[in-house]
Amino acid sequence: MEADHLDLLAATETIYATRASFWPNLTGSATGEFFSGVQTGKFGIVLAPDTGGGAVNGNHEVGGAGIGLFNLRLRYPVFRDGSIFGLNDAPAVERDRAQKHALEWTTYLTREEVIYRITQAYIVTVSAQNRGEPVDRRVSLLEQSFAITKEQQGKGLIIPADVNVINEELKGARALAKLIHEQEAAGALSLTRMLGMAPSRHINLLNILPAPPEPPNASLLLGRALTQHPSLGVQRATIDKAKQNWRLERFRLYPSVTMHSSGLYVSDFDQDAHVVIAGVTVDVPIFDFGSQLATVRARKDTYAAEQARLGGVADDIANQILTTYEQIYTLSGRMLTLRAEIGKLDRDLRVAQSQQQQGIAQPLTAIDAELQLVGKRDELAVDEAHRLLLYASLQKATGGTWKWLP
């Protein structure tokens, strides 16, 4: 974001520089020169310096002399590249202004990208932090189940294959628990780095994720995004830039007119001389084998291509929004099913625990019921975090025209 800010400052200065190039330009110079030598002429070679009797000496020797030259030049483009005395905004200036507008819209996209990355890191870290206790509980339950199963297998009540199944589940649960804890540590490092803090694997975060908002109305969401989305602003600025490039090359087919004036003051520090020159130069393009006309056609085609690309940008935005929108609704439906299953499994666990206390249930019944409940709750926690990430993706897809957090 800081780089985008500096790019905007540079684009602003570029506009000033381009506009100033069409205004009067005044330069001055001062030169000092020293002379020493012999002047040559037509007969300098055939006439000897000591010829007498009325002969002409063609040589003139200068022992040493110095002069000073002071020059002042004024140049003013009357008509050049669509600019008239620099009083109107020429295509080159409008092109640079369009580039600045494109960068301004790009800063919005960069901001939304930064918001999304920080949100993603926060949700992933807190989700992993909240899943730590359930996955550890699952490992503990599988360890109990494994111990009871081995005991039953030693008594010949079950076959060895059942022990192997429980052992594989236990290994998988331990591996998952390790991954979850590593994910929490990695998320903490990523979050602290993004926030400009000292990197740390352990940070204190509020472990309550924000409540999901109500899904917005799809038609209103699309209507707002397809008129205010920063990507559309970038493309419109690109279209304007292509248009100004076309206009610029078109104006280069016309003659250009420049007023110029210069003054020269020469002094040998004994006698002085000066020259003042003023005039108007007209540059007329006559023949270039069609090079400039081809350039104009190329810029015009580029302009038309950028106009056609605007519809594609709008389609991409709409597709991304609707895809994310559908994923939110699909996941919300799955979460409703999971909540119903969790309610049923919670009831089954209470029944199994009651039966075990009364001595009418097998030892593994309550453990298996709790394992199923813990597993479904973990699935729900994963889906809840995923849905929040989808809401963050939806905000990014809309370019910030809709926000899921106030």
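Distance between the pseudo-spin-label points of residue 310 and residue 298 (7 Å out from Cα toward the beta carbon): 2.5 nm.
Decide, for the stretch 187-285, between rounded, prolate and oblate: order the square roots of the alpha carbon gyration tensor eigenvalues as a ≥ b ≥ c, take rounded if a/c falls under 1.5, and otherwise choose prolate if a/b is larger than b/c, else oblate. Oblate. In terms of the mean number of neighbouring beta-carbon atoms within 10 Å, the peptides 292-302, 126-136, 360-370 order highest first as 126-136, 360-370, 292-302. Name the chymotrypsin sites (Phe, Trp or Tyr not before Pro) in the stretch 274-363 that are in a loop by DSSP and that have at most 10 other C-beta atoms within 10 Å, would you? Passing sites in the stretch 274-363 are 287, 289.
Which percent of the Cα-Cα distances in the stretch 102-191 go past 17 Å? Before the final figure, lay out the partial values.
Details: 2524 of 4005 pairs.
That fraction is 63 percent.
How high is the relative contact order of the chain, given as a whole-number percent (alpha carbon pairs under 8 Å, six or more residues apart)? Kindly include the intermediate steps, with their values, before the conclusion.
On the way: 523 pairs, mean separation 87.6, N = 406.
Reported relative contact order: 22 percent.
The orientation-averaged shadow of the Cα convex hull for the stretch 138-216, equal to a quarter of the hull surface, comes to 8.9 nm².
Between beta-carbons, use under 15 Å as the cut-off and find the net charge around residue 19, counting Lys and Arg +1, Asp and Glu -1. Here the charged neighbours net out to -1.
Mean sequence separation of contacting Cα pairs (under 8 Å, at least six apart), scaled by the length of the stretch 250-350, corresponds to a relative contact order of 20 percent.
Coordinate range of the alpha-carbon atoms in the chain per principal axis, descending: 152, 52, 39 Å. With the helix formula -39500 (n - 2.57) applied to DSSP H stretches of n ≥ 4, the chain reaches a computed 222 nm mean residue ellipticity of -23000 deg cm²/dmol. Applying Stokes-Einstein at 37 °C and 0.692 mPa s to the Kirkwood radius of the stretch 316-392, computed over alpha-carbon pairs, gives a translational diffusion coefficient of 229 µm² s⁻¹. Cα axis of helix 230-251 to longest principal axis of the chain: angle in degrees, 0 to 90, nearest 10? Result, in degrees: 20. The modelled label-to-label distance for the pair residue 291/residue 382, using points 7 Å beyond Cα in the direction of Cβ, is 6.5 nm. With kT/(6 pi eta Rh) evaluated at 25 °C and eta = 0.890 mPa s, and Rh the Kirkwood radius from Cα pairs, the stretch 237-288 diffuses with a coefficient of 164 µm²/s according to Stokes-Einstein. At the listed q of 0.23, 0.31 Å⁻¹, the Debye profile of the stretch 94-138, built from one uniform point per Cα, gives log10 I(q)/I(0) equal to -0.78, -0.96.
Read-outs: derived from the displayed coordinates by stated rules, not from any lab. Predicted, not measured: the structure shown is a model, and the values here were computed from it. Don't worry about glycine lacking a Cβ; one is built from the backbone with ideal geometry, like all the others, and counts go over all protein chains shown.
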